[in-house]
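The values are calculated or read from the model by the stated rules, or taken from the named source; none is laboratory data. Everything numeric here is computed off the predicted structure, so don't read it as measured data. Neighbour counts are summed over all protein chains in view; Cβ atoms, including those assigned to glycine, are modelled from backbone coordinates with ideal geometry. Please note that ligands, DNA and RNA were not included when accessible areas were found on the heavy atoms of the full protein model with its side chains. Shrake-Rupley method; radii C 1.70, N 1.55, O 1.52, S 1.80 Å.
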Amino acid sequence: MSVELTVTHRMLWWQTVTDDDMPEHWRVSADVWDLDVCAEEHRHVADVQLAVADLNCDRNLLDSLEPGEWALEFIGETVVDLADGTLVPDLDERISDGPPRMVIVCSFELARPWRGHGLAGPLLASALERFSNNARLAVCRISPADLLSRNPDRMSAELTCLRLGTLLERIGFFYWNGVYVVDLKNQDLIDASLGPLERWGPYSDENS
């Protein structure tokens with residue numbers, strides 16, 4: 001219960017808030033700062049790397065991508081109407097109204113000592129919930145090709161993809177045209193971030 005989230009925005013020193021820098025790059029770090037409850041070598045819990053893109057015709061996501069950002073390009077071409085920069089109509093109908101912005105989950109990693117305790121889903125959900133007031137949806141692409149470096153073979157990478165997909169669906173994502181999508185107002189996403197409170201919160205013994 002002592003894990004804290006630190007949300008930081010990364011940009012070049014010479015850029016201003018009015019610069020057309022798309023997408024914005026954000027990092028959410030989960031850490032335990034109170035060393036009385038956690039050894040220093042286990043202080044870092046998780047990292048989430050995010051990109052936030054506007055959804056309008058004036059700031060085209062694809063025009064701003066750097067070479068090699070294949071995952072972001074795939075997501076952009078899948079969920080964005082390239083003619084006007086907004087969500088494609090079929091997806092737009094499934095997402096609640098809100099600020100015309102999209103959060104892209106670029107990477108998520110749970111530190112090894114913290115694995116196996118059911119924290120991945122709640123921490124990712126909690127990180128995304130921090131953006132629910134200034135974005136409509138979050139998207140994530142999972143590909144075996146991106147996981148080959150962390151798995152011994154293609155089959156293992158595909159199994160990892162299936163497990164990650166199940167994790168995302170558990171916190172409110174749905175699979176849509178090759179990407180996972182979640183409405184940031186989805187109650188399942190909000191509830192997922194509260195799961196550990198039911199297990200380890202101050203009143204968990206009384207409720208059990």
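Some values worked out for this structure:
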| item | result |
| --- | --- |
| Every residue from the range 91-114 that is out of contact with any strand residue (DSSP E or B) (no Cβ under 6 Å at 6 or more places or on another chain) and either buried (at least 17 other Cβ atoms within 10 Å of the Cβ) or part of a loop (DSSP other than H, G, I, E, B) (or both) | 91, 93, 94, 97, 98, 99 |
| Count of residues meeting criterion [touching a residue at least 12 places away in the same chain (Cβ under 8 Å) and over 15 Å from residue 108 (Cβ atoms)] in the range 155-171 | 2 |
| Leading residue by the ranking (modelled with the highest pLDDT) among those in the range 1-42 that are part of a loop (DSSP other than H, G, I, E, B), closer than 18 Å to residue 119 by Cα and open to solvent by 70 Å² or more (accessible area, probe 1.4 Å) | 33 |
